[in-house]
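K.L.:
Dumping the structure here so I can ask a few things about it.
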Amino acid sequence: MAPAHTTEAVTVGSLLGGKRLFGVPLYQREYAWTWREAHQILEDLLSEHEAMSGLAGVDRSYYLGLIIVIDSTGPQRGAMARFRRGGQAPSEVVDGKQRLTTLTMLIAVLRDLLGNDGQWLQAYLTESGKSRTWPKDTPRLLLEEHEQEFLATHVLPAGATQRKLPRDLAHESARRMGSVRDLLSAQLKKRAPDLLVSLARMLVERCELTVIVPRDIASGYRMFVTVNFRGKSLSTNDIVKAELIGGMDQPGRRTTSNRWASLRNRLETPPDDPDLAKHAASLDNLLSHIHKLRCRPSTTIFQGIGELAASAPSPVAFIADTLEPLGDVMLAVKRSSHAGSPQSADINRILTTLNWLASNDWVPVAMSVLHENLRVPPKAMQGLALLQRLAFALAIMGRGSEIRDARYRQAIHAIGQSADLARADGPFALDEEEQEAVARLVTSNLYRTKGNYCKAVLAWISAIDGQSEMPANLKPWTIEHVLPRTPTDDPYWRRNFPDPKVRDAAIRSLGNLVLVTAAQNRRVKNRAYPEKRAIYFEGNTQSPFDTTRMLADIADWTPEAILERETQMYARVARAWGLRPGYRSKLLALIKS
């Protein structure tokens, strides 16, 4: 049996020298490294350089990782030999783009910082003119169009890395390349010229990579997906893109890659924080939501999206008919930006409240409601209102992700079947047991038992009847206990709450919880209520939460005042969730006794 691939360890100088060029296929992701990865590789190189300097006469090399390249100009048996010589076509980099691009920028920075003493490094960036195959000054590394333009303008020409970058770099990957280039330059400017010369020599002569040449394109492509998937260096959309484009011919790859890049740029770039990233309207999250919407539950996201794409007439049709329209719907959901109908303002208020939830699994249902009712906004608003009630109920009941997932899939199925979403036995309805659970949890110690969702629930209660503009983000807001949770010697609280049992019930009451800014919360501490209220309402800024504004009309904070506010807030909850109007208030029972 023929080997699946051949391998060889080569130095950076051998790799980027000679008659060899490298091209990056379109199915690969854009340049994704940031200053963090660049800083790490530079620190590693400097540390290794220092170690080598203390080992005179010792033959030591430094390993930089592996790259996978394809040579399709002849039989596999001689592929490595042809790679060593350099071929009639650029070697196709199946894996290693990020590393090669960063090394190219590092070599260019060293060249420019060394001036005349660094001109020899240009041969590792562009063809020197010795090859009969490639014209003089042909770049050694060929990237996608906008990335190649960045290299050609801001890296490859002599002195380019020391010139200031323009502020209007259009593509995110070009901006990342710019930040890495400038980081490398700023860090190396601090070093002595002799060290830079020695570092450059070490980089090209003693730093090695393992080159893997697969048997054929299919083997190389499978190796690319396997290496990156297991190493988790690729995002979901990178792997789906590779699956989608990997087997296409060159013209088809170009068209599909451009369409894919356009969609990705239209969506959001997820932040580094994983908790924030899961809420972004990013391409990764779009694929995850589509998997919930359109794919069999038993499939992985890669299997499911693969099957869905295979059922389309072409990859471009899959992007145009599925990804792009659902991407637009996802943006409307996550940005609360529905437009074009008299119901849009109300629809966006509902979407705003849903986006307060810590979980993100309601999003496919909202996308389905909007997508299936594009031309019927009143029906879309009805469906979203039912989803709002269900999502907050599942959150406050603490239902696990598997239970929520099953319920939401039932809801998506009902939407797809054009069923009556408001029917009493449908997936959007709360049964008697669920209603009882919601009523019990809201009227017990909501803050202690449902801390993750308490803030969102309090904000939603305010939004039920309030007409104020709701904040898109609850992060600046905190939960304040008007009657302090910790014991206090303040005579005001001792006088108003002399009974310990009444005081404990009042602290836990829904009526004792108020949303204020973090700055206000830090200031009020355990002060008496009149001082707290003055801080809540100082200045001309009004709270967006009318449940907070209620306190402006409450002069004294007593058990009766807390009970009255609890009663009003529960009445809203009962209407929104369809709960029974009466409930067992612990505070009421203690006051009556």
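K.L.:
Could you compute the FRET efficiency for LYS379 and ARG254, with r as their C-beta to C-beta distance and R0 at 30 Å, rounded to 0.05? Spell out each step's value before the answer.
P.N.:
Details: r = 41 Å, r/R0 = 1.37.
Plugging the Cβ-Cβ distance into 1/(1 + (r/R0)^6) gives 0.15.
K.L.:
Return one whole number: the accessible area per residue of segment 131-207 in Å², for a 1.4 Å probe. List each step's numbers first, then the result.
P.N.:
On the way: 4010 Å² over 77 residues.
That works out to 52 Å² for each residue.
K.L.:
Right, another one. Taking H as built 1.01 Å from N, whose amide H comes closer than 5 Å to the amide H of SER128, not counting residues under 5 places away?
P.N.:
Residues meeting the criterion, in which the H sits 1.01 Å from N, are ASP137.
K.L.:
Using r as the Cβ-Cβ distance of ASP546 and SER298, and R0 as 60 Å, what FRET efficiency do you calculate, to the nearest 0.05?
P.N.:
Step by step, r from the Cβ atoms, then E = 0.85.
K.L.:
In debye, nearest 20: dipole of the chain around its Cα centre with unit charges on the Cβ of K, R (+) and D, E (-)?
P.N.:
I would put it at about 340 debye.
K.L.:
Now a separate question. Report, for the chain, the % of DSSP beta bridges that are antiparallel, rounded to 5.
P.N.:
Values: 16 of 25 bridges.
In the chain, approximately 65 percent of DSSP beta bridges are antiparallel ones.
K.L.:
Here's a follow-up. For n ≥ 4 DSSP H runs only, could you compute -39500 (n - 2.57) per run for the chain, divide by its residues and tell me the 222 nm figure to the nearest 500? Please list the in-between numbers first.
P.N.:
Details: 29 runs with 322 residues, N = 593.
Result for the chain: -16500 deg cm²/dmol, rounded to the nearest 500.
K.L.:
How big is the shadow of the Cα convex hull of segment 436-593, averaged over all directions, in nm²? Please report the intermediate quantities before stating the final value.
P.N.:
On the way: hull surface 36.9 nm².
Result: 9.2 nm².
K.L.:
Separate question: Using a simple spin-label model with points 7 Å from Cα along the Cα→Cβ vector, what separation in nm is obtained for ARG522 and GLU145?
P.N.:
The modelled label-to-label distance comes out at 5.0 nm.
K.L.:
What's log10 of I(q)/I(0) for segment 332-476 at q = 0.15 Å⁻¹, Debye sum over Cα points only, no solvent?
P.N.:
-0.75
K.L.:
Work out from phi, with θ = phi - 60° and the Karplus expression 6.51 cos²θ - 1.76 cosθ + 1.60, the ³J(HN,Hα) of each residue of segment 160-177, listed in order in whole Hz, and give x for Gly and Pro.
P.N.:
5, 6, 9, 8, 5, 6, x, 7, 9, 4, 7, 9, 4, 5, 5, 5, 5, 4
K.L.:
Follow-up. Kindly write out, for segment 495-510 in residue order, the coupling ³J(HN,Hα) from the Karplus curve 6.51 cos²θ - 1.76 cosθ + 1.60 (θ = phi - 60°), rounded to whole Hz, with x marking Gly and Pro.
P.N.:
Using θ = phi - 60°, the values come out as 5, 7, 9, x, 7, x, 5, 5, 4, 5, 5, 5, 4, 7, 5, 4 Hz.
K.L.:
Of GLY252, THR138, THR353, which is farthest along the charge dipole of the chain in the positive direction, counting Lys and Arg as +1 and Asp and Glu as -1 at C-beta?
P.N.:
Of the listed residues, the answer is THR353.
K.L.:
Structure shown: which of LYS455/LYS475; LYS278/LYS379; LYS501/LYS586; LYS455/LYS501; LYS532/LYS586 lie over 18 Å apart, alpha-carbon to alpha-carbon?
P.N.:
Details: LYS455/LYS475 10 Å; LYS278/LYS379 28 Å; LYS501/LYS586 10 Å; LYS455/LYS501 25 Å; LYS532/LYS586 25 Å.
Distance filter (> 18 Å) returns LYS278/LYS379; LYS455/LYS501; LYS532/LYS586.
K.L.:
Right, here's the next one. Just need the Rg to Rh number for the chain, please, alpha carbons only, Kirkwood Rh. Numbers along the way, then the final one.
P.N.:
Values: Rg = 31.1 Å, Rh = 28.4 Å.
Result: Rg/Rh = 1.09.
K.L.:
From the phi of every residue in segment 570-580, what ³J(HN,Hα) in whole Hz does the Karplus formula 6.51 cos²θ - 1.76 cosθ + 1.60 yield, where θ is phi - 60° and glycine or proline is x?
P.N.:
Listing the rounded values in order: 5, 4, 5, 4, 4, 5, 5, 9, x, 8, 5 Hz.
K.L.:
Out of THR517, SER47, LEU151, whose Cα points farthest toward the positive end of the dipole of the chain (charges: +1 Lys, Arg; -1 Asp, Glu; placed on Cβ)?
P.N.:
Positive-most Cα among the choices belongs to SER47.
K.L.:
Apply the a/c threshold of 1.5 to the C-alpha gyration tensor of segment 97-207 and tell me whether it is rounded, prolate or oblate. Numbers along the way, then the final one.
P.N.:
Values: a/c = 1.74, a/b = 1.08, b/c = 1.61.
Oblate, because a/c is 1.5 or more while a/b does not exceed b/c.
K.L.:
Given H placed on each backbone N at 1.01 Å, which residues far from ALA280 in sequence or on other chains put an amide H within less than 5 Å of it?
P.N.:
So ALA280 has HN proximity to no qualifying residue.
K.L.:
Further question on the same structure: Can you tell me how much longer the chain between GLU324 and ARG167 gets when fully stretched, taken as 0.36 nm per residue apart minus their C-alpha distance, in nm with one decimal?
P.N.:
Values: separation 157, 0.36 × 157 = 56.52 nm, distance 2.90 nm.
Contour length minus Cα-Cα distance gives 53.6 nm.
K.L.:
Right, next: Please list the non-local residues whose amide H lies under 5 Å from the amide H of LEU142, H modeled 1.01 Å from N, same-chain partners needing a gap of 5 or more.
P.N.:
Placed amide hydrogens put PHE22, GLY23, VAL24 under 5 Å from LEU142.
K.L.:
Treating cross-link reach as a plain straight distance, find the lysines whose alpha-carbon is under 24 Å from the alpha-carbon of LYS189, omitting any fewer than eight places away in the same chain.
P.N.:
Partners found: LYS164.
K.L.:
Quick one: length gained pulling ASP272 to ALA419 fully straight, 0.36 nm per residue minus the C-alpha distance? Don't jump to the answer; show the numbers that get you there.
P.N.:
Details: separation 147, 0.36 × 147 = 52.92 nm, distance 4.01 nm.
Residue separation times 0.36 nm, minus the Cα-Cα distance, leaves 48.9 nm.
K.L.:
Sticking with this one: For LYS136, go through the lysines and keep the ones whose alpha-carbon is under 24 Å away, minus same-chain ones fewer than eight residues off.
P.N.:
Output for LYS136: LYS19, LYS97.
K.L.:
Same structure again: How much length is gained on full extension from TRP120 to THR488, taking 0.36 nm per residue of separation minus their Cα-Cα distance? Walk me through the numbers before you get to the answer.
P.N.:
Values: separation 368, 0.36 × 368 = 132.48 nm, distance 7.53 nm.
Length gained, TRP120 through THR488: 124.9 nm.
The values are calculated or read from the model by the stated rules, or taken from the named source; none is laboratory data. Values in this document were obtained by computation on a predicted structure and should not be read as measured data. Because the Cβ atoms are built from the backbone with ideal geometry, glycine has one as well, and the counts that use them run over all protein chains shown. Accessible surface areas use protein heavy atoms only, side chains included; no ligands, DNA or RNA. Shrake-Rupley method; radii C 1.70, N 1.55, O 1.52, S 1.80 Å.
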